[in-house]
Each structure stands twice: as structure tokens, then as C-alpha cells.
Amino acid sequence: MMHNAGMIFGYARVSTDAQDLSSELAQLKAAGCEKVFREKIAGTTADRPQLQKLMKALAPGELLSPRPLTASRATQPIFW
């Protein structure tokens with residue numbers, strides 16, 4: 001798999017099918033994410049297929065932007 005140095009990845013998750021990912025996706029896009037992995041799965045579920053795909057896709061020099069947090073908490077990219 002070819003990687004682009006400095007590419008920014010994001011991960012969006014909501015807990016139920018009834019919830020909407022649009023807000024998280026918009027925030028991740030605004031943060032500069034070029035590729036966003038998304039899933040609707042409970043936080044207590046250990047098996048998260050899209051999170052696993054994301055972890056496998058990361059290469060040295062790429063960034064992972066954390067899930068959007070409330071406005072009172074800052075988000076900083078995680079360097080991989």
C-alpha cells in the first residue's frame with residue numbers, strides 16, 4: 001500500500017444506527033482529515049473493524065486526528 005507522508009486520517013464513531021455521523025465528519029474535515037474511517041458501533045464493543053483498518057493504514061509520518069471532542073476540550077493530531 002502506498003502512503004503519502006503527512007496525510008491526515010480521522011476516525012468517526014457513533015454508538016447506534018439511529019445516531020448521525022454528519023457533525024463528526026464535518027469537524028474532521030474542518031480539521032484537515034483527508035481520509036476518515038467511520039462506523040456505528042457501541043463504545044463498549046472491542047471489535048471495531050473500521051478502527052482496525054485505520055490502524056493498519058497508518059504509516060510513519062502520517063497523522064491521526066482524534067474524534068471530535070466538546071468545545072471545551074482541545075484536539076491535537078496524533079503523529080504516527
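The values are calculated or read from the model by the stated rules, or taken from the named source; none is laboratory data. Note that the structure is predicted; figures quoted are calculated from it, not measured. Reconstructed Cβ throughout: ideal geometry from the backbone, glycine too, with neighbour counts over all protein chains shown.
Things worth noting here:
- Single residue of region 3-39 satisfying the filter (under 12 Å from E62 (Cα atoms) and hydrophobic (A, V, I, L, M, F, W, C)) that is modelled with the lowest pLDDT: A5
- The residues of region 40-80 that are aliphatic (A, V, I, L, M), at pLDDT 80 or above and in a loop (DSSP other than H, G, I, E, B), listed by number, are I41, A42, A46, L58, A59.
- Residues in region 21-38 that are loosely packed, with under 15 Cβ neighbours inside 10 Å, in contact with a strand residue (DSSP E or B) (Cβ under 7 Å, 6 or more places away or on another chain) and of a type in the set (G, A, S): 1 in all.
- G10 being at positive phi and of a type outside the set (K, R): no
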